[in-house]
């Protein structure tokens, strides 16, 4: 997978879009942050139904761009897991803003109203908690020790 394209410009928005601007990349990052997904198979099972070749390409791209790091699985050394790097963790506020914007403008949003209200009440605190949760290997919405289980 070669991803060494020339940048179109030095515009900061262009850089962000060239790094993570396709929907699949953002959905992979979402799956890690909100749902605790870490493996190829878990990403493949997402409801958006990404094609296997596109998933493999996006994981390679995100790794090459320094957003994800690939590691051997703790439970099965034959499998690989993907975690967010510091650069990837820095994308959490963007995900939060996108989810908030969508919650306002999408009448069919799946975002829980109580969660959106909590995020709006103290966004900076919640972003810090989300980041710490992901760094600890947990998720916002899934798992017995999810972040949402502490608040809702």
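Read-outs throughout are calculated quantities, based only on the coordinates presented, and are distinct from any laboratory measurement. Remember, predicted model here, so these are calculated numbers, not experimental data. Because the Cβ atoms are built from the backbone with ideal geometry, glycine has one as well, and the counts that use them run over all protein chains shown.
The table below lists the values:
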quantity: Segment residue 121-residue 48, extension gain: residue separation times 0.36 nm, minus the distance between their alpha carbons; calculated: 23.3 nm
quantity: Kirkwood hydrodynamic radius over Cα pairs of region 12-151, then Stokes diffusion coefficient at 25 °C and 0.890 mPa s, in µm²/s; calculated: 157 µm²/s
quantity: Extension gain, residue 108 back to residue 64 (0.36 nm per residue minus Cα-Cα distance, nm); calculated: 12.4 nm
quantity: Gaussian network model of the chain, Cα within-10 Å springs - most flexible of 31, 106, 90; calculated: 106
quantity: Region 10-62, Rg to Rh (Cα coordinates; Rh as Kirkwood inverse mean 1/r); calculated: 1.01
quantity: Difference of contour (0.36 nm per residue) and Cα-Cα distance, residue 80 to residue 26; calculated: 17.5 nm
quantity: Estimated [θ] at 222 nm from DSSP helical runs (n ≥ 4, -39500 (n - 2.57)) normalised by residues in the chain, nearest 500; calculated: -16000 deg cm²/dmol
quantity: Globularity ratio of region 105-152, using Cα Rg and 2.2 N^0.38 Å; calculated: 1.18
quantity: Inter-site label distance for residue 97 and residue 39 at 7 Å from Cα along Cβ, in nm; calculated: 3.5 nm
